[in-house]
Amino acid sequence: MKILVCISKTPDTTSKIAFKNGNTQFEDAGVQWIINPYDEWYALIRAIELKEKNPTATIHLISVGGADVDPILRKAFALGGDEGYRVDTDNSDSYYIASQIAAIATQNQYDLIFTGKETIDYNGSSIGGTLAELLNLPFISLATKFELEGQTATVTREIDGGEEVATVQLPLVVSCAKGVAEQRIPNMRGIMAARTKPLKVVAPVAVEALTSVVNYELRPTKTGVKMVAADNVAELVRLLHEEAKVI
Amino acid sequence: MSVLIFLDQADGQIKKSAYELLSYGSSIAKQKGIAAEAVVLGNVSTDLAALGKYGVQKVYIVDGAGFQHVDAQVYAAAVSDVATQVGASIVVFSHNQTGKAVAPRVAARLKAGYVSGACALPDFSNGFVVKKTVFSGKAFANVQIHTPIVVIALNPNSYQIQEADGVAIVAPLSIAVAPASIQVTKVNKVSGEIPLAEADIVVSGGRGLKGPENWGIIEDLASSLHAATACSRPVADAHWRPHHEHVGQTGFQIAPNLYIAIGISGAIQHLAGVNRSKVIVVINKDPEAPFFKAADYGIVGDAFEIVPQLTAAIKKLG
Ligand SMILES: Cc1cc2nc3c(=O)[nH]c(=O)nc-3n(C[C@H](O)[C@H](O)[C@H](O)COP(=O)(O)OP(=O)(O)OC[C@H]3O[C@@H](n4cnc5c(N)ncnc54)[C@H](O)[C@@H]3O)c2cc1C
């Protein structure tokens, strides 16, 4: 069985969000980079668990991005995974990125492709679906549990107001949310092994990007909190009713 | 040329998010001077003609048993076929669970530029630019779409529902529907509770509540407001509350009209999931709790004293 895990590099969750060059680029000075938590905690770890049950399985990692992504792929390798691809491009349109992953997936014919449910920077939630469409595969989005029995996957997924259990045959694309696996810490052996795992840098295939970011804006900060005394809860209710008009 | 609005349904009813989307899609149609049309997959008992009130001129129904559950492949093929048949140039979805599964596929099928998490009407002053939330609600990106066909997924609870007079034409449409490859075997609805994603008001508790046995005051307050309940991550991790209540960067991202945070410190990862709320109320015994900086109203005090008083005061409001 061949599993592909899509990995994205994102700023650490505590990063200060700021922009530069006329608000056209993310200000990355001083930013710590991490594996997108959904890709790491859920997608990658579940793939590793599947391989632990079925040691003949192979796990490939893929990331689309510049050389600055390599350390992130190495971090992912420290947790697990056998081989990696980096498609060398800076373009960030979701169709463009999914097309790059689709090109590698078409070469290698994976049984299972995992993505995180979204990245914590762009919040697109779009790579998995786009990729599934390009490969003409079934797509389960927002999976919270993933079990495999032979070629049949049993997946629990979020739906509005609850969850749904479904079965589907491989090959398949799944976007992973909380619940699919538990976070792990890499061990020393993993960290050592990560250095020598094969990481192929490949040139992008020619595809047109369909969108581009013009600029960014910060969310305006709250103008200041109105404090209400602890012995005057009725005043809070009045403010919410008459001033904010939310109750 | 038209705007095609995808109406999401559950259990034979159009979802609440769809009304917001109708207003959004119709407004885009007005901006562009083109028709606003909608599509429903599967049978619904909602009065579709009455959706004209929200500015839509025509509602297409594609009938078929295959639409009972969302199979992204089947749904995307159907919506794309409808879009092509009716000549839609802009297709809009809600960025909810269904939209996240289906919209990117539709975009790829139509080779349309896709913007998800949109939070405002497009700006046509310089091409086709859509504003979306990024960095988990901390910022926005203005994204230009370069393709003749465009797919947009709108963040739930980010556009004002507008009603006027109007009746829509309801038109059945027949298209070939592919068999589903996803077989749904079980549906677990969170019954008796208001789904977090659809709630106008959310009451949320954190570690400050000390233990699951103390959640009665949260639930009472929530029920007095017809609100959904939520919690911080450590609370879900400790199994004090179910995982589907976990909000934040790594849980659900919500945007209710009112978010009441009780005994939650306001860590940056928590804020990332709730900062799109219109009004935030914080109740915390620590005046230095970072959450106050992100709040509209605050009370410094002991949750165990304040919250029951708050519930009582709200009940008085009637
Ligand atoms: C990568 C990453 C992702 C994360 N994702 C999330 C996420 O999605 N969601 C999330 O919530 N967290 C997330 N966290 C965790 C986050 O950093 C905080 O640890 C967490 O939000 C704290 O939860 P809390 O506010 O309930 O608890 P605490 O930080 O322990 O705060 C408890 C608060 O209760 C107050 N309090 C205590 N007793 C009372 C009382 N009697 N009355 C009133 N107030 C009282 C205290 O003053 C304190 O402010 C994440 C962390 C990381 C590193």
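The values are calculated or read from the model by the stated rules, or taken from the named source; none is laboratory data. Worth saying up front: this structure is predicted, and the values here are computed from it rather than measured. Because the Cβ atoms are built from the backbone with ideal geometry, glycine has one as well, and the counts that use them run over all protein chains shown. What goes into the accessible areas is simple: the full protein's heavy atoms, side chains included, and nothing from ligands, DNA or RNA. Shrake-Rupley method; radii C 1.70, N 1.55, O 1.52, S 1.80 Å.
Quick notes on this structure:
- Segment A:1-68: trypsin sites (Lys or Arg not before Pro) in DSSP coil with no more than 14 other Cβ atoms inside 10 Å: A:16
- Every pair of different Cα atoms in chain A enters the Kirkwood calculation, which places the hydrodynamic radius at 19.8 Å.
- Sorted largest first, extent of segment A:188-240 alpha carbons per principal axis (Å): 65, 42, 15
- Solvent-accessible area per residue in segment A:135-247 equals 53 Å², computed with a 1.4 angstrom probe and all protein chains kept.
- The distance separating the Cα centre of segment B:204-252 from that of segment A:1-45 comes to 28 Å.
- For chymotrypsin sites (Phe, Trp or Tyr not before Pro), the sites in segment B:121-187 that DSSP calls loop and that have at most 11 other Cβ atoms within 10 Å are B:124.
- Computed over Cα pairs, the Kirkwood radius of segment B:196-317 leads via Stokes-Einstein (0.692 mPa s, 37 °C) to a diffusion coefficient of 238 µm² per second.
- Exposed-site-free run, longest, chain B (rule: GluC sites (Glu not before Pro); DSSP loop; at most 11 other C-beta within 10 Å): B:1-162
- Per residue, the accessible area of segment B:205-318 comes to 39 Å², computed with a 1.4 Å probe over protein heavy atoms only.
- Between the Cα long axis of helix B:72-86 and the first principal axis of chain B there is an angle of about 50°, rounded to the nearest 10.
- Using alpha-carbon coordinates, inclination of helix A:94-108 to the longest axis of chain A, degrees: 20
- Amide H contacts of residue B:60 (H built 1.01 Å from N, in plane; Pro and chain starts excluded): B:38, B:39, B:40, B:171 sit under 5 Å, all sequence-distant by 5 or more or on other chains.
- Solvent-accessible area, 1.4 Å probe, carbon plus sulfur percent, for the protein assembly as shown: 52
- Separation of segment A:201-247 from segment B:23-74 is 29 Å, based on Cα centroids.
- Summarising the amide proton neighbourhood of residue A:141: residues at separation of 5 or more, or on other chains, whose placed amide H is nearer than 5 Å comprise A:175.
- The ellipsoid that matches the Cα gyration tensor of chain B has semi-axes, each √(5λ) in whole angstrom, of 38, 21, 18, with the longest given first.
- Straight-line cross-link partners of residue A:75 among the lysines, defined as a Cα under 23 Å from its Cα and at least 8 positions apart when in the same chain: A:2, A:9, A:16, A:51, A:53, A:117, A:178, A:197, A:200.
- Fraction of C-alpha pairs exceeding 24 angstrom in segment B:1-152: 25 percent, rounded to a whole number.
- Formal net charge of residues neighbouring residue A:68 (Cβ-Cβ distance under 13 Å; K, R +1; D, E -1): 0
- Using a 1.4 Å probe over protein heavy atoms, the accessible area lost on pairing A with B, summed over both chains, comes to approximately 7000 Å².
- Solvent-accessible area lost in complex, 30 Å² minimum, residues of segment B:90-108 relative to chain alone, 1.4 Å: B:97, B:100, B:101, B:104, B:105, B:108
- Sorted largest first, extent of the protein assembly as shown alpha carbons per principal axis (Å): 67, 64, 51
- When the C-alpha to C-alpha distance is required to be over 27 Å, the pairs from A:222/B:285; A:245/B:58; A:20/B:100 that qualify are A:245/B:58; A:20/B:100.
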